[in-house]
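Below: one structure, written as structure tokens.
The values are calculated or read from the model by the stated rules, or taken from the named source; none is laboratory data. It should be emphasised that the depicted structure is a prediction, and the values quoted were computed from it without experimental measurement. Neighbour counts run over all protein chains shown; Cβ positions are idealised from the backbone, glycine included. Surface areas here come from the heavy atoms of the whole protein model, side chains and all, with no ligands, DNA or RNA. Shrake-Rupley method; radii C 1.70, N 1.55, O 1.52, S 1.80 Å.
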Amino acid sequence: MMQDSLALGIDLGTSGVRVAVLNEQRELLYTDSTEYDRGLAYPDDWLNNCIQLIKAIPQELRSQLMALAVDGTSGTLLACDRQGTPQGKALPYNVACPEQLARVRELVQAGQPASSASGSLARALRLLQQNSQPLILRHQADWISGWLLGHWRFGEEGNNLRLGWSLTDQQWPDAFEQQTWREALPEIRPSGSRLGNINGGRANQLGLSKDILVIAGTTDANAAVLTADAADDEGITVLGSTLVLKRFISIPLRHGAGTSTHRVGGRWLGGGASNSGGAVLRECFPGIDLNELSRQIDPDQESGLKLLPLTGQGERFPVDDPDLAPILTPRPVSDALYLHGLLEGLSQIESQGWKKLTELGAPAPKRLVTLGGGAKNPQWRRMRQRLLGVPIRSCYSPPAAGVARLALTALQQQHDQITCSRRESVELP
């Protein structure tokens, strides 16, 4: 029965994995998370964290799970053999490959999501040089979904936009067809579509039903948008390890480097993701309680500092520049003043990002919804409201709950189809 069925969302983030279980009413029944042991570049960490978290779900909930979906960092790419075995470390989303840029521009048009040195296509070309063929290339969420299915045939459309997949044409670029590595690419399926049932061996290993449906998920940023339940006039800012801006739009964005347009839940969703974000704050203040430090900040005053908080060289949005260097100095004696300056710098990047999206055709948001760890910081929220000039509300539901919504919707659609077919068969003379 549909009313007894639960859905599982698996969120593969920058620093770790989170799971969420929802019921039919989309109520959050359970959530848990764990950090990677070694880091984002290690696929064994992704898998081990998923296994650990799923097996820790209480049995009474696990026994009712009937669908699951996975989201992940959209640009983190992995080279595997045909059986899905990783051929080394993954290349994370924030790794730029400027040495591949000339080749990238031979394969895709300028301004396309894949045309940047910071895109997945550039990382794919580096991985192809580093590894012997035949191989397959899979993004983080697609690799975990493949492990659950027991094969790595599919890729979800949103996770593959920066690898070259065209949402409007529903195909890979023509130039890809002549490449020796064409077979390394996945067969693309829409977000929210049914990929198949979980592999029997995986189900036994995880203590799950063999009838569980594996649903094509989305990116981690899109999953955050789904859980935010934003209104049409609201923009979404995710203040996690990276800074992500998203906006529902009526037509796709004009092409712009570092931006992308997704199709999620039947609606167009445009946005961009910076290399800046909370990861910079953790590097600058290791082991320090930033909430406590933030209480010493007056968000209505300027810090006087002009900082550009990037974790390393290179930016992808609101400017696409693999050589852009961070500005993290001078560091004042006061930690509170330094944090003030960094938060201002992050807020300036957010402001520039919304202006960029508006230039590319997105309506300017009248309000903002904020998710991620930074959403819990009231001083930063007041600072952003002052600099951005719009009201801001916070949402604390995890992205894993957003991708679980996709699984629930697919489960409901299957239930409706079965019910309809039964009715039709009864009505036949």
Practice prompt. Using Cα pairs closer than 8 Å and at least 6 residues apart in sequence, work out the relative contact order for the chain, in percent.
Written response: 18
Worksheet item: So, in the chain, how many Lys pairs have Cα atoms under 23 Å apart, if the pair is 8 or more places apart or on different chains?
Response: 10
Worksheet entry | A102/L387 FRET efficiency (R0 41 Å; Cβ-Cβ; nearest 0.05) | 0.60
Item to complete: Please work out the average accessible area per residue across region 64-157, using the 1.4 Å probe convention, and give it in Å².
Response: 33
Worksheet item: Using Cα-only point scatterers and the Debye equation, what is log10 of I(q)/I(0) for the chain at each q in 0.10 Å⁻¹, rounded to two decimals?
Response: -0.68
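Quick one: with all protein chains in place, what share of the accessible area of region 51-164 is carbon or sulfur, to the nearest percent (1.4 Å probe)? Mind dumping the intermediate values first?
Numbers: 1840 of 3880 Å².
C and S fraction of accessible area: 47 percent.
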Worksheet item: In percent, what relative contact order does region 1-119 have, based on Cα pairs under 8 Å that are 6 or more apart in sequence?
Response: 22
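So, by mean Cβ neighbours within 10 angstrom, what's the order for 289-299, 83-93 with the highest one leading?
Working: 289-299: 15.3, 83-93: 17.0.
My ranking of the peptides, most packed first, is 83-93, 289-299.
Cβ neighbours within 10 Å, averaged per peptide: list 11-21, 174-184, 358-368 in order, most packed at the top.
Numbers: 11-21: 24.0, 174-184: 12.4, 358-368: 16.7.
Those peptides, ordered most packed to least, come out 11-21, 358-368, 174-184.
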Worksheet, complete the sentence: Per the rule of 0.36 nm per residue minus the C-alpha distance, extending R267 to I51 adds in nm 74.5 nm
Discussion item. What does the charge count around S276 come to, taking other residues whose C-beta lies under 11 Å from its C-beta (Lys +1, Arg +1, Asp -1, Glu -1)?
Written reply: -1
Item to complete: Between D232 and D298, with labels modelled 7 Å along Cα→Cβ, what's the label distance in nm to one decimal, could you check?
Response: 4.3
Discussion item. Taking each pair of distinct Cα atoms in region 320-385 once, what is the resulting Kirkwood hydrodynamic radius in Å?
Written reply: 13.9
Discussion item. Using only DSSP helix segments of four residues or longer, with each worth -39500 (n - 2.57), what per-residue ellipticity at 222 nm results for the chain after dividing by its residue count and rounding to 500?
Written reply: -10000 deg cm²/dmol
Worksheet item: Can you tell which of A336, A141, A375 shows the greatest fluctuation in a Gaussian network model of the chain with Cα springs below 10 Å?
Response: A336
Worksheet, complete the sentence: Pseudo-spin-label distance E60 to K89, built 7 Å along Cα→Cβ, given in nm, is 4.4
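Provide the net charge surrounding R405, with neighbours chosen by a C-beta distance below 10 Å and charges set as Lys +1, Arg +1, Asp -1, Glu -1. Display every interim value, and only then the final one.
Numbers: positive: R26; negative: D229.
It works out to a net charge of 0.
Classify region 33-96 as rounded, prolate or oblate, taking a ≥ b ≥ c as the square roots of the eigenvalues of its Cα gyration tensor: rounded when a/c is under 1.5, otherwise prolate if a/b is larger than b/c and oblate if not. Write down the numbers at each step before the final one.
On the way: a/c = 2.21, a/b = 1.94, b/c = 1.14.
Judged from the Cα gyration tensor, region 33-96 comes out prolate (a/c at least 1.5, a/b above b/c).
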